[in-house]
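Before any comments, here is the structure.
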Amino acid sequence: MLIPVSFFGYAAYGAYVKSTETGFKRQTVEQNLSELEVRQQALVADLENLNSQRGVEAELRGRYSVGKEGEHMIMLVDTSEVAETESTLVSPPSFWDSILDIVF
């Protein structure tokens, strides 16, 4: 009697372990599926954008910084970056500059 009960108990425990592992794997697969569906939607939107002339032009301009013939590019510069650059370009006073400052 003890042998068949232990055999069935071991089989039930094995089924429980497999069921638990399957549940974890299913959650992982469902999460991957939802991520892939979001990625697919983004790719479909990009594809629809690239099917138009305007979308192709925007992609070319963004990726390669090109323009049409006769167009000019305006570059906006942050003033804080300019101030940092100017401060690094100014060299410290030399020995002779300090002597001249004392004399004059």
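The values are calculated or read from the model by the stated rules, or taken from the named source; none is laboratory data. Computed from a predicted structure; not experimentally measured. Because the Cβ atoms are built from the backbone with ideal geometry, glycine has one as well, and the counts that use them run over all protein chains shown.
Would you confirm, using the coordinates I've provided, whether Glu71 is surrounded by fewer than 10 Cβ atoms within 10 Å (Cβ to Cβ) and either at pLDDT 75 or above or closer than 30 Å to Leu47 by Cβ (or both)? So Glu71 fits the description; yes.
Within region 1-50, the residues that satisfy the criterion of being among the small types (Gly, Ala, Ser) and farther than 26 Å from Gly62 by Cα are Ser6, Gly9, Ala11, Ala12, Gly14, Ala15, Ser19, Gly23, Ser34. Residues in region 32-60 that are under 20 Å from the mean Cα position of the chain (by Cα) and of a type in the set (D, E, K, R): Glu35, Glu37, Arg39, Asp46, Glu59. If you go through region 49-68 and keep only what is surrounded by fewer than 10 Cβ atoms within 10 Å (Cβ to Cβ) and in a helix (DSSP H, G or I), you end up with Gln53, Arg54, Gly62, Arg63, Tyr64. Against the conditions (1) at pLDDT below 80; (2) in a loop (DSSP other than H, G, I, E, B); (3) not polar (S, T, N, Q), Glu81 satisfies every one except (2).
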